[in-house]
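Shown next, in structure tokens, is the structure this report addresses.
The values are calculated or read from the model by the stated rules, or taken from the named source; none is laboratory data. Since the model is a prediction, treat every value here as computed from it, not as a measurement. Backbone-built Cβ (ideal geometry, glycine too); neighbour counts: all protein chains shown.
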Amino acid sequence: MLSTLRTSLFAAAFVLFGTAALAGESGFANISHQELVNAIESKSAVILDVNGSKSYAAGHIPGSVDYIANKTRLAQLLPADKGALIVAYCGSETCSAYRSAAHAAVKLGYTNVKHYSPGIKGWKESGAPVESQS
């Protein structure tokens, strides 16, 4: 009986703390599609595309920065205000590549870093416009 209780408590602790750790693994809040659209319209965010330069050239969220091509000079591209909104995105909801750009921004001292989880796939599926380098 005691062994079963211990096992149950261990399982409950893992569910509570283990999943919280996994959820907080990225540490970045999501930004909704509408919030991102508003930020683009008000020019109040720097958007980092982490899909690679070939994908970026084919189509990216308007105004976004090709992170892969610019990661060594990211500090020069981001605003002086460390509280400015920085949004990182990659391919889709299953992609985690955005983390490299988000972590780079945090390492530079930015405190308002978010993730656009639908990625370029979700952006295109929403019917929102894309920019390309054709």
### Task
Look at Ala29 and say whether it is modelled with pLDDT of 95 or more, touching a Leu at 6+ places or on another chain (Cβ under 9 Å), under 21 Å from Tyr89 (Cβ atoms) and among the small types (Gly, Ala, Ser).
no
### Count - residues of the stretch 29-40 that are over 16 Å from Ala84 (Cβ atoms) and not in a loop (DSSP other than H, G, I, E, B)
4
### Query
Among the residues of the stretch 110-134 satisfying the criterion of being surrounded by 14 or more Cβ atoms within 10 Å (Cβ to Cβ) and over 20 Å from His60 (Cα atoms), which is nearest to the chain's Cα centre (by Cα)?
Asn112
### Task
Being assigned to a helix (DSSP H, G or I) and surrounded by fewer than 19 Cβ atoms within 10 Å (Cβ to Cβ) is the filter here, so list the residues in the stretch 87-109 that pass it.
Arg99, Ser100, His103, Val106, Lys107
### Summary
Within the stretch 48-86, the count of residues that are in contact (Cβ under 8 Å) with a residue 12 or more places away in the chain, over 22 Å from Ser126 (Cβ atoms) and either in a helix (DSSP H, G or I) or among the basic types (Lys, Arg) (or both) comes to 8
### Summary
Going through the stretch 87-105 in order, the residues found to be more than 12 Å from Ile47 (Cα to Cα), of a type outside the set (Lys, Arg) and in contact (Cβ under 8 Å) with a residue 12 or more places away in the chain are Gly91, Ser92, Glu93, Cys95, Ser96, Ala97, Ser100, Ala104
